[in-house]
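Below you'll find the structure, written out as C-alpha cells, and then a few comments.
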Amino acid sequence: MAAQANTAGSKKGFLQWARSRRGQQIIIIVAFMIIPLVLLFTFTYLPFGEMVGFSFYKMKYVGKRTFVGWKNYASVFSRKDCFGALKLSLYYMGGSVVQLALALYLATILSFKVKGGNIFKGFMFFPYLINGIAIGFIFKFFYTRGFVFDTVLQWCGFQLDNLPYWLKDQSINNISLVGTSVWRYFGQNMVLFIGAIMSVDSELYEAAMLDGANRFEQFRYIILPSIKTIVTLNVILSITGSLSAFEPPYVITSGANGTGTYFVVMNEIAHTQQKVGLASAMAVVLLLIIFAATILQKLFFKYVFRNAEDEDFGAAKKREKQLARYAARKAGR
Amino acid sequence: MKLRKVLALTLAAAMTLSLAACGGSDEGAAEAPAADDTAAEETEAPAADNAADDGAEAEAPAAAASGLTYASVNLGEDYKDLTTTIKFIHHKTDREEDGTIPDLIAKFNEMYPGITVETEGITDYAEDSLLRLSAGDWGDVMFIPAIDAAELPTYFVPYGTVDEMSEYINFADQWKDAAGNCYGIGYMGNAQGVLYNKKVFADAGVTSLPKTPDEFIAALQAIKDNTDAIPLYTNYAAGWTMGGAWDGYLGAITNGDETWLNQKFIHEAEPFKDHGDGTGPYALYKILYDATAQGLIEDDYTTTDWEGCKPMINNGEIGAMVLGSWAVAQMKAAGDNPDDIGYMPFPITVNGQQYATAGPDYCYGINANASDDNKAAAMVFVKWMVEESGWCDLEGGYPISKTAPTSFVFDGVNVVNNVTSLPGEEDIMNELNSESELSFNQGGDAKVQRIVEAAATGAETYEEIMADWTAAWNAAQEECGVEVLY
C-alpha cells in the first residue's frame with residue numbers, strides 16, 4: 001500500500017477513477033465491446049478499406065501496383081459490359097416481385113387452417129436448404145433440351161419443336177435463370193411472412209368476421225398492416241439481392257450467352273483478367289448503388305405507409321366533423 | 001469479515017487446486033505424445049542417419065563410379081538379382097484405383113521379382129508433392145513437381161546427358177540442369193490435335209483426314225449429311241473447353257513458326273488478320289465460327305455436359321472434339337468402343353506442312369538421396385515403365401520412348417515445341433492478356449464462347465470479332481508500352 005501511495009499522482013488518480021462506479025462501468029463496457037469490435041474491424045472494415053484502396057490502383061494479385069486515381073471508376077462507367085450487366089438486374093427484380101407476391105399469397109393461405117399445411121410449408125421451404133451450387137446443377141439438367149422441363153411440358157401436350165431453348169435463346173434465358181432464383185427463395189420469404197402473420201392476434205379475425213369482413217378484407221386491413229415491417233424488409237433484401245445476383249448465372253451458364261450479371265462480370269474481371277483494381281472499383285460502385293436503392297426504398301415505404309396512416313387520420317377527422325355538425329344541427333334545432 | 005476471508009481463502013485454494021489439476025492433466029497429456037516422440041525419434045534417427053550416410057556415400061561413388069545411367073541399364077539382364085523395396089509416388093489416383101498401376105507392377109515383377117514397388121497415389125499432387133519433396137521422406141521415384149531447374153541436382157539423379165537421352169526418348173530436355181543432364185522422363189506425352197471418332201468419319205465417307213480448315217468443315221458437313229452424329233461437339237458450357245482448348249493451337253500449329261506464340265505475338269500489330277491461306281489465329285477460330293454458323297455443332301450448346309460427352313463420342317454420337325491428346329484415354333475408357341477413338345493433327349497446313357506441338361506430362365524423377373540399391377532399382381523400374389510397360393500408349397499419349405510400340409500416329413506431321421519468351425519479356429504476355437481481357441491460354445473462355453454465340457445468333461460477323469480483338473490487343477500494347485515490331 002505504501003509503495004502504491006508513493007507512485008505518481010496521475011496514476012493514483014487513474015486508479016481512483018477505475019475504482020469509481022463510473023470508471024467501473026466504462027471499463028466493463030470497453031472490456032465487453034473490445035472483442036466484437038476488434039473482430040468486426042479486422043474482418044469487415046479493414047478488408048473493405050483495403051479494397052477501396054485497391055480501386056485506385058492498376059494492379060494484379062501479385063506484382064507491382066501503379067496508382068491511377070479515378071481511372072478505374074471512369075472505366076466502370078464508360079465500359080459497356082459493367083452497366084450493361086446491371087440491366088440484367090431488372091429481370092431479377094421482376095422475379096423478386098413475383099417471388100414476394102407468391103410468398104405472401106401462400107403465407108396467407110397457409111396461416112389459416114389448411115389440411116397438411118405443415119407438409120406444404122416443408123416442401124416449399126425445402127429448396128432454400130439446398131446448396132446454391134447444387135441448385136445450379138439441378139437446373140442445368142432441368143433446362144437441357146429434351147430433359148426434365150421439356151419432358152414435363154410434352155406430357156402437357158406441347159411439341160418439342162415448338163418449345164424454346166431455355167438457356168440458348170437469349171430472349172428468355174435470363175427469365176429461366178430468374179425462375180431458379182424464385183424457386184429457391186420464395187419458400188424462405190413465405191416462412192418469414194408466416195412467422196409475422198402468426199403474431200397477429202386471432203381475436204382480430206373473429207371481430208372482423210363478426211363485422212362481415214371476407215378473407216381478402218381480413219388480409220387487406222388486418223394482416224398486411226400488421227406485417228408491414230417484414231414486408232419492407234423482404235422487399236429491400238430481394239431488391240439488393242437482385243442487384244448482386246450471382247449463383248444462378250455463374251453455375252448454370254457461367255455468365256455466357258448474355259447472362260453475365262454485374263457480379264459475374266466482376267468475377268471475370270477480377271479472376272480471369274486479373275484487373276483487381278477495376279473489379280474493386282466495380283464493387284465500390286455496386287455498394288453505392290445498393291445504398292442508394294436501399295435508401296430510396298426506405299423513403300418509398302415511409303411514404304406509402306405514412307399515407308395509409310394519414311388516410312386513417314383524415315377519416316377520423318371527417319367523422320369527428322360529421323359528428324360535430326350533427327351535434328350542432330341537433331343543438332340548433 | 002472473518003467469514004469473507006475464509007471464503008476467499010477457500011476459493012483461492014480451490015482455484016489453485018483446479019489449476020494444479022489442469023496442469024497435472026496437461027502434463028499427463030503432454031507426456032504421452034512426448035514418449036511417442038522419443039520413440040519415433042529413436043526409430044527415425046537411424047533411418048535419418050542412414051539416409052545421410054547414403055547421401056554422402058552416394059555422392060562420392062555416384063560421381064566416381066557413376067555407371068548408373070538410363071542407357072547403361074539392359075532391361076531383363078542387369079540387376080536381376082537385386083532385392084529391394086522402392087516407393088513410387090504419383091498423381092494418377094484413378095489408375096491406382098482401377099488396377100492399372102498394380103497390374104503394371106505385377107508385370108514388372110515377372111521380369112524383376114526381387115524389386116518390390118510400393119505406390120502411393122496423391123490426390124492433390126501439385127501441392128503435396130512439393131511438400132513431400134522438401135520434407136525428404138517421399139520414396140525413390142516420383143513425378144517431378146514444379147521446381148526450379150537449379151534445384152534438380154539436389155533432389156534427383158541424372159539419367160544421362162540430354163544428348164544421350166534424346167536417342168532413347170522424346171522431350172529429354174524438359175528437366176535439364178545447366179550442365180545439360182537430363183533429370184526427368186515423361187510417363188506420357190501430350191500433343192495438340194483433334195479428337196475424332198474413326199467410325200463416324202468412315203460412315204460419313206471421309207476417307208482421308210482433313211488437312212486444312214476447308215477440308216475439316218467439309219468433313220463435318222459430310223458427317224451431318226450422312227450420319228446422325230453431331231459433327232463437332234464444342235463443350236461450350238464447360239468454359240475451359242473453349243478457351244482452354246482452342247487457345248492451345250496458337251503458335252506453331254497455326255503458322256508453323258515456333259517463335260510466334262511467345263516472342264512475336266506480343267509485338268504484332270495485326271495478329272488476327274486474315275492471311276488468306278487458311279493459316280494463323282484467324283483461320284483457327286474461324287473453324288469454330290464457320291462450324292457454328294453452318295449448324296455443324298450440337299443443337300443446344302448452352303447445356304453441354306463434359307462428363308456426358310465422353311460416352312457420346314465413344315458410342316459414335318459425336319464426330320470430333322477439339323481437345324488435347326490428354327483427353328484420348330478418358331474418351332476411350334468411357335464406353336465399349338475404345339478403338340473408334342482417334343487423334344488427328346490439327347487441320348491447318350502451312351506451306352504444305354502440318355504441325356503439332358507436343359510436350360511431356362509429369363516426368364519420372366529418381367531420388368538423389370536414396371540408397372545405391374534403390375537408385376539402381378528405381379532406374380530399372382523407370383526404364384521398364386518407359387520402354388516396356390506400354391502405359392504411355394494405354395493412356396493414348398504421344399510416345400515418350402522412341403522404341404516402344406505406339407498407336408499414336410501423326411503421319412507426316414512436324415512435331416515442334418513453341419519456344420519460350422525472350423529473356424526480359426516473360427511477363428509481357430500476361431500483361432497484354434490481362435489488359436486486353438482476351439487471356440490467351442489463361443482462361444479466356446468468354447472470348448471463344450463469344451464466337452459461338454455470335455455465329456449462332458448472327459449478332460456479329462467473324463470479321464467484327466477479329467477487328468475487336470485487334471483493337472483490344474493494340475490498346476493493350478499501347479497501355480503496357482510494348483513495342484510493335486511486326
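The values are calculated or read from the model by the stated rules, or taken from the named source; none is laboratory data. This is a predicted model, so every value here is computed, not measured. Cβ coordinates were reconstructed from backbone atoms using ideal geometry, including for glycine residues, and neighbour counts include every protein chain displayed.
Mind checking whether some residue in the range B:208-220 is among the basic types (Lys, Arg) and not in a loop (DSSP other than H, G, I, E, B)?
We begin by selecting, within the range B:208-220, every residue among the basic types (Lys, Arg); these are B:211.
So of that shortlist, the ones also not in a loop (DSSP other than H, G, I, E, B) come out as none.
No, because not a single residue in the range B:208-220 is among the basic types (Lys, Arg) and not in a loop (DSSP other than H, G, I, E, B).
Any idea which of (1) at pLDDT below 90; (2) in contact with a Phe, Trp or Tyr (Cβ under 7 Å, 6 or more places away or on another chain); (3) surrounded by fewer than 18 Cβ atoms within 10 Å (Cβ to Cβ) is the one A:GLU203 doesn't satisfy?
So the condition that A:GLU203 fails would be (2).
Are any residues in the range A:169-215 hydroxyl-bearing (Ser, Thr, Tyr) and touching a residue at least 12 places away in the same chain (Cβ under 8 Å), and if so, which ones? Show your work before the answer.
Step one: filter the range A:169-215 for residues hydroxyl-bearing (Ser, Thr, Tyr), giving A:171, A:176, A:180-181, A:185, A:199, A:202, A:205.
Answer for the range A:169-215, where residues must be hydroxyl-bearing (Ser, Thr, Tyr) and touching a residue at least 12 places away in the same chain (Cβ under 8 Å): A:SER176, A:THR180, A:SER181, A:TYR185, A:SER199, A:TYR205.
Could you check, for the range A:121-136, whether at least one of its residues is within 14 Å of chain B (Cβ to nearest Cβ), out of contact with any strand residue (DSSP E or B) (no Cβ under 6 Å at 6 or more places or on another chain) and not basic (Lys, Arg)?
Filtering the range A:121-136 down to residues within 14 Å of chain B (Cβ to nearest Cβ) leaves A:136.
Then keep just the ones that are out of contact with any strand residue (DSSP E or B) (no Cβ under 6 Å at 6 or more places or on another chain); that gives A:136.
Subsequent filtering for residues that are not basic (Lys, Arg) retains A:136.
Within the range A:121-136, one or more residues are within 14 Å of chain B (Cβ to nearest Cβ), out of contact with any strand residue (DSSP E or B) (no Cβ under 6 Å at 6 or more places or on another chain) and not basic (Lys, Arg).
How many residues are buried (at least 20 other Cβ atoms within 10 Å of the Cβ) and either among the basic types (Lys, Arg) or part of a loop (DSSP other than H, G, I, E, B) (or both) when one looks only at the range B:225-255?
So the answer is 10.
Quick check on the range A:238-256: of everything there that is without any contact (Cβ under 8 Å) to a residue 60 or more places away in the chain and of a type in the set (S, T, N, Q), which residue is nearest to the other protein chains (Cβ to nearest Cβ)? First the steps, then the outcome.
First, pick out the residues of the range A:238-256 that are without any contact (Cβ under 8 Å) to a residue 60 or more places away in the chain: A:240, A:244, A:246, A:254-256.
Okay, now just the ones that are also of a type in the set (S, T, N, Q), so A:240, A:244, A:254.
Details: A:THR240: 26, A:SER244: 20, A:SER254: 5 Å.
Filtering first and then ranking leaves A:SER254.
Within the range A:191-235, track down each residue that is among the hydroxyl-bearing types (Ser, Thr, Tyr) and not in a loop (DSSP other than H, G, I, E, B). Show your work before the answer.
In the first step, residues of the range A:191-235 are kept if they are among the hydroxyl-bearing types (Ser, Thr, Tyr); the result is A:199, A:202, A:205, A:221, A:226, A:229, A:232.
The answer is A:SER202, A:TYR205, A:TYR221, A:SER226, A:THR229, A:THR232.
Would you check if there is a residue in the range B:396-409 being away from chain A (no Cβ under 12 Å), at positive phi, in contact (Cβ under 8 Å) with a residue 60 or more places away in the chain and buried (at least 19 other Cβ atoms within 10 Å of the Cβ)? Lay out the reasoning, then the answer.
Pass one, the range B:396-409, residues away from chain A (no Cβ under 12 Å): B:396-409.
Adding the requirement that they be at positive phi leaves B:396.
Checking which are in contact (Cβ under 8 Å) with a residue 60 or more places away in the chain leaves us with B:396.
From what's left, buried (at least 19 other Cβ atoms within 10 Å of the Cβ): B:396.
So far as the range B:396-409 goes, yes, one or more of its residues are away from chain A (no Cβ under 12 Å), at positive phi, in contact (Cβ under 8 Å) with a residue 60 or more places away in the chain and buried (at least 19 other Cβ atoms within 10 Å of the Cβ).
May I ask you to list the residues in the range B:144-177 that are assigned to a loop (DSSP other than H, G, I, E, B) and among the hydrophobic types (A, V, I, L, M, F, W, C)? Break it down into steps so the answer makes sense when it comes.
We begin by selecting, within the range B:144-177, every residue assigned to a loop (DSSP other than H, G, I, E, B); these are B:144-148, B:157-159, B:167-168, B:170-175, B:177.
Correct list: B:ILE144, B:ALA146, B:ILE147, B:VAL157, B:PHE171, B:ALA172, B:TRP175.
Take the residues in the range A:163-189 that are away from chain B (no Cβ under 11 Å) and of a type in the set (S, T, N, Q); name whichever of them is surrounded by the fewest Cβ atoms within 10 Å (Cβ to Cβ).
A:GLN188
Could you run through the range B:274-297 and say how many residues are within 14 Å of chain A (Cβ to nearest Cβ) and out of contact with any Leu (no Cβ under 9 Å at 6 or more places or on another chain)?
Here the count works out to 1.
Hey, can you tell me all the residues within the range A:267-300 that are of a type outside the set (Lys, Arg), touching a residue at least 60 places away in the same chain (Cβ under 8 Å) and within 14 Å of another protein chain (Cβ to nearest Cβ)?
Within the range A:267-300, the first condition is being of a type outside the set (Lys, Arg), and the residues that meet it are A:267-274, A:276-297, A:299-300.
With the extra rule that they be touching a residue at least 60 places away in the same chain (Cβ under 8 Å), the set shrinks to A:274, A:276-278, A:280-285, A:289, A:297.
Residues satisfying the conditions are A:GLN274, A:VAL276, A:GLY277, A:LEU278, A:MET282.
Go through (1) closer than 30 Å to B:ASN430 by Cα; (2) free of Cβ contacts under 8 Å to residues at least 40 places away in the same chain; (3) surrounded by fewer than 10 Cβ atoms within 10 Å (Cβ to Cβ) one by one and return the number of the condition A:PRO36 breaks.
The single condition A:PRO36 does not satisfy is (1).
Given the structure, is A:PHE141 closer than 27 Å to A:LYS87 by Cα and within 14 Å of chain B (Cβ to nearest Cβ)?
On the way: closer than 27 Å to A:LYS87 by Cα: yes; within 14 Å of chain B (Cβ to nearest Cβ): yes.
It is true that A:PHE141 is closer than 27 Å to A:LYS87 by Cα and within 14 Å of chain B (Cβ to nearest Cβ).
Collect the residues in the range B:394-404 that are more than 17 Å from B:ILE105 (Cβ to Cβ) and charged (D, E, K, R), keeping them in residue-number order. Steps first, answer last, please.
Residues of the range B:394-404 that are more than 17 Å from B:ILE105 (Cβ to Cβ), as a first pass: B:396-404.
Residue satisfying the conditions is B:LYS402 alone.
Can you confirm whether B:TYR343 is touching a Phe, Trp or Tyr at 6+ places or on another chain (Cβ under 9 Å), in contact (Cβ under 8 Å) with a residue 24 or more places away in the chain and part of a helix (DSSP H, G or I)? Outline the logic, then answer.
Working: touching a Phe, Trp or Tyr at 6+ places or on another chain (Cβ under 9 Å): yes; in contact (Cβ under 8 Å) with a residue 24 or more places away in the chain: yes; part of a helix (DSSP H, G or I): no.
No, not satisfied.
What's the number of the condition A:THR259 fails, among (1) within 11 Å of chain B (Cβ to nearest Cβ); (2) assigned to a helix (DSSP H, G or I)?
(2)
If you go through the range A:279-305, how many residues are modelled with pLDDT of 90 or more and among the charged types (D, E, K, R)?
0
Regarding the range B:457-470, can at least one residue be identified that is of a type in the set (A, V, I, L, M, F, W, C), more than 8 Å from chain A (Cβ to nearest Cβ), part of a loop (DSSP other than H, G, I, E, B) and touching a residue at least 40 places away in the same chain (Cβ under 8 Å)? First the steps, then the outcome.
First, the residues of the range B:457-470 that are of a type in the set (A, V, I, L, M, F, W, C): B:459, B:465-467, B:469.
Going one step further and asking which of them are more than 8 Å from chain A (Cβ to nearest Cβ), we end up with B:459, B:465-467, B:469.
Cutting the leftovers down to part of a loop (DSSP other than H, G, I, E, B) gives us B:459.
From what is left, the residues that are touching a residue at least 40 places away in the same chain (Cβ under 8 Å) are none.
No: zero hits.
Looking at (1) in a loop (DSSP other than H, G, I, E, B); (2) surrounded by fewer than 19 Cβ atoms within 10 Å (Cβ to Cβ); (3) under 24 Å from the mean Cα position of the chain (by Cα), which is the only condition B:ASN414 fails?
Unmet for B:ASN414, out of (1) in a loop (DSSP other than H, G, I, E, B); (2) surrounded by fewer than 19 Cβ atoms within 10 Å (Cβ to Cβ); (3) under 24 Å from the mean Cα position of the chain (by Cα): (1).
Tally the residues that are part of a helix (DSSP H, G or I) and among the acidic types (Asp, Glu), restricting the search to the range B:417-431.
In the first step, residues of the range B:417-431 are kept if they are part of a helix (DSSP H, G or I); the result is B:428-431.
If we keep only those that are among the acidic types (Asp, Glu) as well, we get B:431.
Matching residues across the range B:417-431 total 1.
Kindly provide the set of residues from the range A:144-157 that are more than 10 Å from every other protein chain (Cβ to nearest Cβ) and β-branched (Val, Ile, Thr), ordered by number.
A:VAL148, A:THR151, A:VAL152
Residues checked against (1) more than 23 Å from B:GLY248 (Cα to Cα); (2) more than 24 Å from the chain's Cα centre (by Cα); (3) more than 13 Å from every other protein chain (Cβ to nearest Cβ); (4) assigned to a loop (DSSP other than H, G, I, E, B):
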position	(1), (2), (3), (4)
B:ASP299	yes, yes, no, yes
B:PRO311	yes, no, yes, no
B:GLY319	no, yes, yes, no
B:VAL328	no, no, yes, no
B:LYS332	no, no, yes, no
B:ASP336	yes, yes, yes, yes
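State which residue is farthest from the other protein chains (Cβ to nearest Cβ) when the search covers only the range B:416-430 and only residues that are without any contact (Cβ under 8 Å) to a residue 12 or more places away in the chain and farther than 24 Å from B:PHE171 by Cα. Break it down stepwise before answering.
Initial filter on the range B:416-430 (without any contact (Cβ under 8 Å) to a residue 12 or more places away in the chain): B:423-424, B:426-427.
Restricting the remaining residues to those that are farther than 24 Å from B:PHE171 by Cα gives B:424, B:427.
Values: B:GLY424: 15, B:ASP427: 8 Å.
Per the stated criteria, the residue is B:GLY424.
So which of A:LEU233, A:LEU160 ends up being farther than 22 Å from A:PHE301 by Cα and either within 14 Å of chain B (Cβ to nearest Cβ) or under 22 Å from the mean Cα position of the chain (by Cα) (or both)?
Values: A:LEU233 fails: farther than 22 Å from A:PHE301 by Cα.
Sole residue among the options that is farther than 22 Å from A:PHE301 by Cα and either within 14 Å of chain B (Cβ to nearest Cβ) or under 22 Å from the mean Cα position of the chain (by Cα) (or both): A:LEU160.
Tell me, please, whether a residue that is closer than 16 Å to B:ALA358 by Cα, crowded, with 24+ Cβ neighbours inside 10 Å and touching a residue at least 12 places away in the same chain (Cβ under 8 Å) can be found in the range B:259-279.
Checked against the condition, which is being closer than 16 Å to B:ALA358 by Cα, crowded, with 24+ Cβ neighbours inside 10 Å and touching a residue at least 12 places away in the same chain (Cβ under 8 Å), the range B:259-279 yields at least one hit.
Of all residues in the range B:432-449, how many are within 8 Å of chain A (Cβ to nearest Cβ), within 19 Å of B:ALA237 (Cα to Cα) and part of a helix (DSSP H, G or I)?
Total meeting the criteria: 3.
Restricting to the range A:30-78, name every residue that is among the β-branched types (Val, Ile, Thr) and either in contact with a strand residue (DSSP E or B) (Cβ under 6 Å, 6 or more places away or on another chain) or outside any helix (DSSP H, G or I) (or both).
Keep residues of the range A:30-78 that are among the β-branched types (Val, Ile, Thr), which gives A:30, A:34-35, A:38, A:42, A:44, A:52, A:62, A:66, A:68, A:76.
Answer for the range A:30-78, where residues must be among the β-branched types (Val, Ile, Thr) and either in contact with a strand residue (DSSP E or B) (Cβ under 6 Å, 6 or more places away or on another chain) or outside any helix (DSSP H, G or I) (or both): A:VAL62, A:THR66, A:VAL68.
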